[in-house]
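What follows is calculated from the coordinates using simple rules that are stated; it is not laboratory data. These numbers come from a predicted model, not from an experiment. Cβ placement follows ideal geometry from the backbone for every residue including glycine, while neighbour counts extend to all protein chains displayed.
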Amino acid sequence: MSGIKTKELSKIGYTDDRARSLVINIMARHFKHHDKAAIIQLLTDIKDRPADFLQDEVLGKIAAIFADQPKERHFQAFDLLATTGPLKVYGGKEIEQAARQQMDMAMSLPVTVQGALMPDAHMGYGLPVGGVLATEQAVIPYAVGVDIGCRMALTLFDEGESFLKRYSYQLKVAMKEYTHFGMEGGLEFRQEHAVLDRPEFRDTALLKGLHGKAVRQLGSSGSGNHFVEFGLLTLEENNSLSLPPKQYLALLSHSGSRGLGAAIAQHYTKIAMDTCKLPRSAQQLAWLDMNSEAGQEYWLSMNLAGDYARACHQQIHRHLAKAAGLKSLATIENHHNFAWEETLTDTRKVIIHRKGATPAHAGELGIIPGSMTTPAYLVRGKGVEQALYSAAHGAGRAMSRSKAREKMTVSALNKMVANAGVTLIGGSVEENPLAYKDIERVMDAQHELVSVEGRFMPVIVRMNKE
C-alpha cells in the first residue's frame with residue numbers, strides 16, 4: 001500500500017479502530033501497487049455508497065461496516081390508551097392469561113383499530129401467537145413475527161393409500177435426501193427459482209447482503225415446529241377443489257422465510273423501537289409509519305420474504321413429487337405470519353397483522369395443522385369481520401418447549417408416535433403431541449369462522465432433530 005496513514009483514514013471518515021485495521025490489512029494484501037489518491041477515492045466511495053460494494057468479495061467486508069451504521073432517526077414518544085377498539089376472543093377458555101394480557105396491551109396502542117384472538121392463542125413476543133391486529137397507517141414488525149411468511153402448503157396427488165403403503169420406503173428416502181432442517185445450512189445441490197432474481201434484492205443494503213444466504217437456504221426448512229409430512233387427505237363432498245370426495249395421498253409442509261425473514265425482522269424491529277418510543281411494557285409493539293422510508297422498506301422486504309417462503313415450499317413439493325414420480329392434482333397454501341393492507345366494511349383501510357393466524361376471507365382456503373400424530377384440516381373461510389377475516393393457524397401450544405422437555409422422554413415419544421401409526425424422521429420431545437392443545441377443541445371453537453373441507457392424517461413426518 002502506498003503509505004496511507006491512520007490519520008488520513010480518519011480524515012475520510014474511517015474513525016473506528018476496527019475499520020482502520022481492516023482497511024490497512026485489505027489494502028496491503030490486495031491494493032499494494034495502487035496509487036494512494038486512487039485508494040483514498042475508492043475508500044471514500046465505499047463509505048459514501050456501501051451498498052454498491054457489499055457483494056464484492058474483497059471490499060464487501062469494509063462496506064459492511066458502513067452498511068450496518070443506522071441512519072440518524074428522530075424518535076416520537078407515545079402513550080398507551082385507556083380505551084381500546086373492539087376485541088373479539090374465540091375459545092377463551094383455552095387461552096392462557098398471559099396471552100390475553102399481551103393482546104390487551106396491543107389493543108391499547110394509539111394506532112390500533114380492531115383486534116381478534118384465535119382459539120390456539122398462546123404467549124409470544126410482542127403480539128401473542130394467534131393474535132390478529134388491525135392498525136391504521138402503521139406496521140408492527142413484531143406483530144408479524146420473526147419468521148416472516150411462515151406458512152402452510154398442501155399438495156394432493158393422483159394416488160391413495162395403496163401407493164403410500166407400497167412405496168413408503170422410497171418416500172422416506174426422498175424426504176431424507178430432498179429436505180433439510182435446522183437454523184443453518186441448506187440442500188446439498190444447487191437450487192434455482194425466479195425469486196432469487198427479484199429486483200428487490202438490490203433495493204436496500206440489507207437485502208443485498210442477505211441474497212447469498214437466501215440462495216443457500218432456498219428449499220430448506222427451519223427448526224422447532226417446522227415439518228414436511230406425507231399422509232392421507234380425505235376430501236368432503238362439494239369441496240372447493242371440485243375433486244371427487246375420497247382419500248388422496250398428500251404432502252403437507254410448514255416453514256417460513258429462513259434467515260432472510262429473521263434478519264429483516266430484527267433489523268426493522270430495532271428501527272421501530274428506536275423511533276417509536278413506548279412504555280417499557282409495550283416496547284416490542286413499536287411500529288413503523290407506513291409513509292416513512294423505514295416503513296416502506298420493511299413492507300417491501302416483508303413481501304419479498306413472504307414470496308421467498310412460498311418459493312421454499314414450492315421447491316420442497318417439486319423435489320419430492322419428482323423423486324416419487326407423483327402427479328399433482330392441486331396445491332393449497334397460506335401465510336400465517338404476515339401483514340396485509342385490507343379494507344373493512346366501513347371502507348377504512350387498515351394493516352391486518354396475523355401473528356400465527358390463517359387468513360379466512362369468504363371462500364378462501366387454508367390449512368390448520370394439529371401435531372405429528374393428529375389431523376390437519378383443509379378449511380374454507382366464512383369471512384367474519386369480527387375475527388378480521390381470520391382463523392387459528394394450528395392447535396397452538398399447551399406447554400412451553402422447556403416444559404415439554406421435562407414432561408416427555410425420547411422413548412415415550414417414539415412409543416406414542418408408533419402407536420399412532422406414524423413414522424418420525426428427526427423430531428424432538430419439544431414438539432411431542434402432548435405439548436399442543438386438542439385440535440378438535442380448537443376447531444370446535446371456530447366453527448363460525450371456517451368450514452371443514454378435508455381431513456389430513458400424517459403418516460411419515462420429517463422434522464428437525466433433537
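Worth a mention:
- Reference-scaled alpha-carbon Rg (2.2 N^0.38 Å with N residues) for region 103-248: 1.39
- Annotation: region 312-426 has a Kirkwood hydrodynamic radius of 17.2 angstrom, from the mean reciprocal C-alpha pair distance.
- For region 312-326, putting each phi into the Karplus relation 6.51 cos²θ - 1.76 cosθ + 1.60 with θ = phi - 60° gives couplings of 4, 5, 4, 5, 4, 5, 5, 4, 6, 4, 5, 5, 8, x, 9 Hz, in residue order, rounded to whole numbers and with x for Gly and Pro.
- In plain terms, the residue of GLU192, GLU431, GLU57, GLU94 with the fewest other Cβ atoms within 10 Å comes first and the most crowded comes last, giving GLU57, GLU192, GLU94, GLU431.
- From phi via Karplus (6.51, -1.76, 1.60), per-residue ³J(HN,Hα) for region 114-129 in Hz, x at Gly/Pro: 7, x, 8, 10, 7, x, 8, 5, 8, 4, x, 9, x, 7, x, 5
- Simple spin-label estimate for ALA82 and SER400 in nanometres, 7 Å along Cα-Cβ: 3.4
- Acute angle (nearest 10 degrees) that the helix 97-107 long axis makes with the longest principal axis of the chain, alpha-carbon atoms: 60
- Here the 3J(HN,Hα) profile of region 290-298, calculated from phi with Karplus coefficients 6.51, -1.76 and 1.60 at θ = phi - 60°, is 5, 8, 8, 4, 5, x, 5, 4, 5 Hz, Gly and Pro shown as x.
- Taking ARG202, ARG455, ARG151 and counting other C-beta atoms within 10 Å, the order from fewest to most: ARG202, ARG455, ARG151
- Kirkwood hydrodynamic radius of region 6-67, Cα pairs, Å: 11.5
- The label point for ASP35 and the one for LYS246, both projected 7 Å from the Cα toward the Cβ, are 7.9 nm apart.
- Cα pair count fraction exceeding 27 Å, expressed as % - the chain: 58
- For the chain, the mean residue ellipticity at 222 nm estimated from helices alone is -10500 deg cm²/dmol, where every DSSP H run of n ≥ 4 contributes -39500 (n - 2.57) and the total is divided by all residues, rounded to the nearest 500.
- Hits among lysines - C-alpha to C-alpha of LYS165 under 22 Å, sequence gap 8 or more where chains match: LYS176, LYS246, LYS322, LYS327, LYS415
- Under-5 Å amide H pairs with CYS276, H placed in peptide plane, nonlocal only: GLN76
- For SER221, SER400, the sequence from fewest to most other C-beta atoms within 10 Å is SER400, SER221.
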